[in-house]
1. Need the full-extension length gain, D97 to A109, defined as separation in residues times 0.36 nm minus the C-alpha distance. One decimal, nm.
2. What longest range of the chain stays clear of loop-exposed chymotrypsin sites (Phe, Trp or Tyr not before Pro) (DSSP non-H/G/I/E/B, at most 16 other C-beta within 10 angstrom)?
3. Find, to one decimal place in angstroms, the Kirkwood hydrodynamic radius of region 95-175, where the mean of 1/r is taken over every pair of different Cα atoms and then inverted.
4. Would you please name the GluC sites (Glu not before Pro) within region 11-85 that are DSSP coil residues with at most 12 other C-beta atoms within 10 Å of their C-beta?
5. For the chain, what is the mean residue ellipticity at 222 nm derived from helices alone (per DSSP H run of n ≥ 4: -39500 (n - 2.57); sum divided by total residues; nearest 500 deg cm²/dmol)?
6. Based on DSSP loop calls and a cut-off of at most 12 other Cβ atoms within 10 Å, the longest stretch of the chain free of exposed trypsin sites (Lys or Arg not before Pro) is what?
7. Rounded if a/c is under 1.5, else prolate if a/b is larger than b/c, else oblate: which is region 41-129, with a ≥ b ≥ c the root eigenvalues of its Cα gyration tensor?
8. I'd like the projected area of the chain, averaged over all directions, using the convex hull of its alpha carbons. Report it in nm² with one decimal.
Amino acid sequence: MLHQEIVAKGYRGHYQRVKMAIAPLRRGLPIDTPRERPPSPREVARWIITAPSRRSLHAAEALRRLFEHCPELQRTHGLVRQFAAMLESRDATPLSDWLDHLTASRLPALASLASALREDQAAVVQGITTPFNSGVNEGRITDLKLQKRLMAGRAGVPLLRHRVILMALLRRHHL
């Protein structure tokens, strides 16, 4: 009955949603105040890597609240911003100190990242200081893998080759 009434007023949700929303009332319980759902790890990562000047007000406020509850996240954010500053200025001079800060952060994932970056520090310096990147090659590899997955078991190498060449031509004309 309630569902029908609110549908007539424009509600497009399912009957079950209405039923679950009023279930506490039927049991004589108070309705909880709506709670904000916690952000996913992917959302938080996006907020952290986004430059503060480009963050939405919602993201900035949510990140500030997270920092109040998680000082490790705030340290991580600071380290990410330091690395972003190196990329923006194309200056790898602070890299060694930054890697030391990662190691000293007492966060296992960051310490592991520091040791991995130290293994090929010359390549990291090159990546920071030069304007060149392998984005085009990565895009071609992604296209190839996509076509391989789409065509798995359906066609041989000649058709796969033809489709990859067509994809490269389409990219060239549209980009």
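What follows draws every value from the coordinates through simple rules; no lab data is involved. These figures come from a predicted structure and were not determined experimentally. Here the Cβ positions follow ideal geometry from the backbone for every residue, glycine too, while neighbour counts run over all protein chains shown.
1. My answer for the length gained is 2.6 nm.
2. Details: sites that count: Y11, F132.
That gives 12-131 as the longest site-free run.
3. Across region 95-175, the inverse of the average 1/r is 16.0 Å.
4. Taking region 11-85 and a limit of 12 other Cβ atoms within 10 Å, the loop GluC sites (Glu not before Pro) found are E36.
5. Working: 10 runs with 125 residues, N = 175.
Computed mean residue ellipticity for the chain: -22500 deg cm²/dmol.
6. Maximal segment without exposed cleavage sites: 36-89.
7. oblate
8. Reported value for the Cα convex hull: 19.3 nm².
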